[in-house]
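> There's a structure below that I have some questions on.
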Amino acid sequence: MNLLKTLAAVSSLTLLSRVLGFVRDAVIAHSFRTGVLTDAFFVAFKLPNLLRRLFAEGAFSQAFVPVLGEYRNQKGVGETKRLVDHVATLLFFALLLISILGVLCAPVLVIVSAPGFAATGEKFELTVALTRITFPYIFFMSLTALAAGLLNTWGRFGVPAFTPVLLNLSFIFMALFAAPWFDPPVMALAWAVFIGGILQLALQLPALKRIGMLPRISFCRRALLDAWRDPGVRRILTLMAPAMLGVSVSQISLLINTAFASFLRDGSVSWLYYADRLMEFPSGVLGAALGTILLPVLSACHAGARHEEYGQVLDWGLRLVFLLAAPAALGLALLGVPLIATLFFHGAFTVVDVGETRAALIAYSVGLLGLILVKVLAPAFYAKQNIRTPVKIALISLFATQAMNLAFIWTLRHAGLALSIGLAACLNAALLYRGLRRQGIYAPQPGWAAFYGKLAAALLAMGAFLWFGIGSEADWLRFGLMEKVIRLSLLVVFGAAVYFATLWALGFRLRDFRRQVRLSHVE
């Protein structure tokens, strides 16, 4: 498997999903605006979406993929298929029970997640009805995570990477065409979640059948007991406990930061939100894509005792992060006003909002490199089925974030909260790196000093071009939309051209970053 080609494909599909996410938000805002209906829907969708992040795409994947990779490389097709069937059976019934309880207990869930709604009967009843439709989303998405783990372990990254696109398309279609058929129209969004979950799961099934790993779920009592007693299943469950804690840390940090921001001047939460949306592009497109690819690849190297290749793959991932994330961070910091003015400066978004969002974006950009490095360094531990170490480091980072919040919020206000997250991410990455070195898991390959020097020269050239190319920031506030789009596009394209041309002149070649790996000893 060509890692660079795979990364390009997965990143492209992730970018498509992110772009459609912006379109989805715009369509929902245009069709429903803000008010009682959208408040009810966002609360109803919040809990199943949070469970998806914590369980399906977080703890379960981190625990399942390394064990699956070990079975595939060491125990053969028969044992691997038996593990998959047992995991799928246990997961199916557990999720079915959770979904039924969620639907039945919807009023309680709404009271817990939005206690203020209880005072307004109509709003409360609408939120309960929406919750009952959206809650089964966790059922479909957890099974989708199982399928994605299987496909990624077999090197079929395309289908899982494309899957999120279907949810966005479901939202867009239901908001534009189906809403008039529902009373109230916002019910169409709840059904968009339900339909999107089904579509995402259905897309995986043919791909699983092609690799011979379509799970067989047994409905007899003995099969359920066999699944529970399976040693592989028990190991996955054991690994999931610390993984759940680790994934929860980031969500807790986000909630605490939102609480801090709520005590600041009006608009602070929104300025952080818009800056975070811009940060999500490079973080998701590069960081998430690299993490998705590296976990099964490193798991296969570990299971096959290919220790030298393990270090080489990790080194490859780290160099790509510096090569691509460093210019992204510099670009976000320098292009703050052009980006925000082009994307958000219309309607009720004011000049003050542009400036305050830019301050948050610059603060976030300080930690972008750290945020993406964590997505590469943490899988190096997960692949060895060591989840406790990154969890302990995540907890240290959580406490560091809150300490820095208290230190920065008085002078930097909302930007201080963004800076705390960024600096804590850098601390997280540094501690993970130190742990890998201390445990002998990773040793840097030769050439890093020269790599850093050439990278610094290319960043300096790109930074100088953007600094002079932007011109007066005040002009960006008076340009028309099309002029801003054209100017911003030219800055991004030529800035990237200057960066990569400088690297090429200094000896960088695309072939230097191509790398072939095997995901199984039978390949």
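> Could you work out how much longer the chain between residue 26 and residue 468 gets when fully extended? Use 0.36 nm per residue separation minus the Cα distance between them, nm to one decimal.
155.9 nm
> Pop a pseudo-label 7 angstrom from the Cα along the beta-carbon direction at both residue 395 and residue 209 and give the gap in nm to one decimal.
For residue 395 paired with residue 209, the spin-label model returns 4.6 nm.
> Starting from the Cα-Cα distance between residue 481 and residue 505, subtract it from 0.36 nm times their residue separation and give me the gain in nm to one decimal.
Net length gain for the segment: 5.1 nm.
> Could you estimate the translational diffusion coefficient of the stretch 463-523 from the Stokes-Einstein equation, with Rh from the Kirkwood formula over C-alpha pairs, at 4 °C and 1.567 mPa s, in whole µm²/s?
Once the numbers are plugged in, D ends up at 87 µm²/s.
> Sort 396, 256 from largest to smallest accessible area, using a 1.4 Å probe on the heavy atoms of the protein chains.
396, 256
> Just read off the accessible area of residue 238 with the full protein assembly in place, 1.4 Å probe, to the nearest 10 Å².
90
> Can you work out the Karplus-derived ³J(HN,Hα) for every residue in the stretch 101-110? Use 6.51 cos²θ - 1.76 cosθ + 1.60 with θ = phi - 60°, whole Hz, and x for glycine or proline.
4, x, 5, 5, 9, 3, x, 5, 4, 5
> Here is a follow-up. Which pairs, out of 75/209; 75/384; 81/384; 454/484, put more than 25 Å between their alpha-carbon atoms? Walk me through the intermediate numbers first.
Details: 75/209 20 Å; 75/384 17 Å; 81/384 21 Å; 454/484 32 Å.
Pairs exceeding the cut-off: 454/484.
> Separation of the stretch 334-357 and the stretch 152-167 by C-alpha centroid, Å?
Centre-to-centre distance over Cα atoms comes out at 34 Å.
> Output wanted: per-residue J couplings in Hz (rounded whole) for the stretch 373-387, from phi through Karplus 6.51 cos²θ - 1.76 cosθ + 1.60, θ = phi - 60°, x for Gly and Pro.
4, 4, 5, 9, 6, 4, x, 5, 7, 4, 4, 8, 6, 10, 9
> Assuming R0 = 45 Å, can you tell me the calculated FRET efficiency for the pair residue 407 and residue 122, based on Cβ-Cβ distance, to the nearest 0.05?
Efficiency computed from Cβ-Cβ geometry: 0.50.
> Rounded to the nearest percent, how much of the accessible area of the stretch 254-409 (1.4 Å probe, protein heavy atoms only) is carbon and sulfur?
68
> Measure off 7 Å from each Cα along the Cα-to-Cβ vector at residue 388 and residue 241, then give the distance between these two points in nanometres to one decimal.
According to this spin-label approximation, the distance is 1.0 nm.
> Quick one: ranking 279, 1 by accessible area, 1.4 Å probe, largest first, what do you get?
Result of the area sort, largest leading: 1, 279.
> Tell me, what ³J(HN,Hα) does each residue in the stretch 432-443 have, in order and in whole Hz, if you take phi through Karplus 6.51 cos²θ - 1.76 cosθ + 1.60 with θ = phi - 60° and put x for Gly and Pro?
3J(HN,Hα) across the stretch 432-443, in whole Hz: 4, 4, 4, x, 5, 5, 5, 7, x, 6, 9, 10.
> Please report the relative contact order for the chain, taking Cα pairs under 8 Å with a sequence separation of at least 6, and give it as a percent rounded to a whole number.
Worked out over the chain, it gives 21 percent.
> Not counting the cut sites, what is the longest span of the chain without trypsin sites (Lys or Arg not before Pro) that DSSP labels loop and that have at most 15 other Cβ atoms within 10 Å? Mind showing how you got there, number by number?
Numbers: sites that count: 33, 75, 216, 265, 478, 509, 514.
Counting only loop sites that pass the neighbour cut-off, the longest clear stretch is 266-477.
> If you count only protein heavy atoms and use a 1.4 Å probe, how large is the accessible surface of residue 105, to the nearest 10 Å²?
The accessible area of residue 105 comes to roughly 60 Å².
> Moving on to the next point. Whole number in Å², please: accessible area per residue of the chain, 1.4 Å probe, ligands, DNA and RNA not counted.
Normalised by residue count, the accessible surface of the chain is 45 Å².
> Enumerate the amide H contacts of residue 156 below 5 Å, restricted to partners 5 or more residues apart or on another chain; note that Pro and chain-start residues carry no placed amide H.
Counting only residues 5 or more places away or on other chains, the set is empty.
> What is the Cα convex hull volume of the stretch 380-480 when expressed per residue in Å³?
Spread over its residues, the Cα hull of the stretch 380-480 gives 180 Å³ apiece.
> Follow-up question, since we're still on this one. Which FRET efficiency, nearest 0.05, do residue 451 and residue 497 yield, Cβ-Cβ r, R0 22 Å?
So, using R0 = 22 Å, E works out to roughly 0.60.
> If you don't mind, there's one more thing I want to ask. Could you calculate the contour length gain from residue 308 to residue 177, that is, 0.36 nm times the residue separation minus the distance between their Cα atoms, to one decimal place in nm?
Length difference between fully extended and current span is 41.7 nm.
> Once label points are set 7 Å from the Cα along Cα→Cβ at both residue 252 and residue 1, what is their separation, rounded to one decimal in nm?
3.3
> Next up: With each run of n ≥ 4 DSSP H residues scored as -39500 (n - 2.57), what mean residue ellipticity at 222 nm is computed for the chain after dividing by its residue count and rounding to the nearest 500 deg cm²/dmol?
It comes out at -26500 deg cm²/dmol, rounded to the nearest 500.
> P(r) of the stretch 101-179 in 10 Å steps, Cα pairs, percent per bin?
16, 32, 30, 17, 5, 0
> Let me ask something else about it. I'm checking a number: the convex hull volume of the Cα atoms of the chain, normalised per residue, in Å³. What is it?
Hull volume normalised by residue count: 154 Å³.
> Here's something else I'd like to know. As a test of the definition: which semi-axes, in Å, follow for the stretch 258-373 when you take the square root of five times each eigenvalue of its alpha carbon gyration tensor? Largest first, please.
Calculated on Cα positions only, the semi-axes equal 36, 14, 10 Å.
The values are calculated or read from the model by the stated rules, or taken from the named source; none is laboratory data. A quick note: this is a predicted structure, and the numbers were derived from the prediction, not measured. We place every Cβ from the backbone using ideal geometry, glycine too, and count neighbours over all the protein chains shown. Keep in mind that these areas ignore ligands, DNA and RNA; they rest on the heavy atoms of the full protein, side chains included. Shrake-Rupley method; radii C 1.70, N 1.55, O 1.52, S 1.80 Å.
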